[in-house]
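Chemist: Please find one structure pasted underneath; my questions will follow.
Read the figures in this text as sums done on the coordinates, not as results from a lab. Note that the coordinates shown come from a computational prediction; the quantities given were computed from them, not determined experimentally. Here the Cβ positions follow ideal geometry from the backbone for every residue, glycine too, while neighbour counts run over all protein chains shown.
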Amino acid sequence: MHTLFISDLHLTPSRPDITHCFTQFMRNEAIHADALYVLGDLFDFWIGDDDPTPFAKQIQQEFKHLTAQGVPCYFTQGNRDFLVGRRFAKQTGVTLLPDETVIDLYGTSAVILHGDTLCTQDVRYLAFRAKVHQPWLQWLFNRLPFFIKQRIVAKIQTDIRSDKSQKAMEIMDVTPDEVVHVMDKYQVPLMIHGHTHRPAIHHISDAPQKTRIVLGDWYTQGSVLVYSESGYSLEKRRFESQL
Ligand code: LP5
Ligand code: MN
């Protein structure tokens, strides 16, 4: 009896080693889990549910297979795949979650989220996020032809790249007060998130004691949180070197 959490895989056709590790994980591990939670940034960038590429179909097929075998899959959008929508959910059997969700993990309540909204010092990012999350803008964007959307995304990515490179590392980490604020809001002792690519288990000295588990990215190895009735571990998965 265990539940699995992953995030920040940044899947892309240009990194078959990550995709291979992910498919092995889905077929050999996730298949035996009580549930799989993907806490955002599954994709390096998701342009829309109309993505016609074989790569998009291949990833969707992995989820479809898993959910068809009876393993519930939950997905929280990240800052790179905030355009994953209802069509994706329907095609894969995955359940889309809101930005913050409280779940029960074998008797422990946990709030799960991508983690970008905890970085409250990153005001330029949060302003950008608010813009691209406007429903009317997404509605319009989703109606454009796929190749036009690809060009728009590539242009914006190029335009804002230098902005991120100038930010201090502390700005791009979570704000400790915001972590406590969110956990207090839901009255939970546990938070699980990704986004910062700083895998760790933080015990926050606060009364009552709180724990924050940060999932790792999949850049050089896989990162999986295995949570069971008897405890939890933040584990690594090796990439096969010959890909
Ligand atoms: O993921 P990571 O670690 O690389 O960086 C994130 C933040 N960056 C992003 C940017 C996305 O990855 C790329 C977005 C592509 C745009 C597609 C838009 C398509 C239109 C959709 C309309 C519905 O998320 C980065 C954080 C970092 O995490 C750490 O937390 O710092 O944030 C940025 O770098 C953002 C810049 O600071 C924002 C600069 C403002 C530029 C204004 C451009 C206005 C564009 C308006 C679009 C409508
Ligand atoms: Mn992210």
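Chemist: Per-residue counts of other Cβ atoms within 10 Å, averaged by peptide: what ranking do you get for 108-118, 80-90, highest first?
Modeler: Most protected by this proxy first, the peptides run 108-118, 80-90.
Chemist: May I pose another question? Taking a label point 7 Å from the Cα of ASN142 along the Cα→Cβ vector, which residues of region 32-70 have an amide N closer than 14 Å to it?
Modeler: 47-51
Chemist: Another one. What is the chain's relative contact order, in percent, from Cα pairs under 8 angstrom and six or more apart in sequence?
Modeler: 25
Chemist: Which of TRP139, TRP218, TRP46 comes first, and how do the rest follow, when ranked by fewest Cβ neighbours within 10 Å?
Modeler: TRP139, TRP46, TRP218
Chemist: Would you look at the GNM of the chain, springs on alpha carbons closer than 10 Å, and say which of PRO135, PRO13, PRO199 moves the most?
Modeler: Highest fluctuation among the options: PRO135.
Chemist: Something else: Would you work out the relative contact order for region 1-53, in percent, from Cα pairs under 8 angstrom that are 6 or more residues apart?
Modeler: Relative contact order, region 1-53: 56 percent.
Chemist: List residues of region 128-144, by number, whose backbone nitrogen lies under 20 Å from a label position 7 Å along Cα→C-beta of GLN166.
Modeler: Label zone hits: 128-131.
Chemist: Please identify which residues in region 150-167 have an amide N closer than 12 Å to a label point set 7 Å out from the Cα of GLU178, following the Cα→Cβ vector.
Modeler: It comes to no residues whatsoever.
Chemist: What FRET efficiency, computed as 1/(1 + (r/R0)^6) with R0 = 45 Å and r the Cβ-Cβ distance, is obtained for ARG124 and ASN28, rounded to the nearest 0.05?
Modeler: That gives a FRET efficiency of 0.65.
Chemist: Now for a separate question. Convex hull over the Cα atoms of the chain, averaged projected area in nm²?
Modeler: That works out to 13.4 nm², a quarter of the Cα hull's surface.
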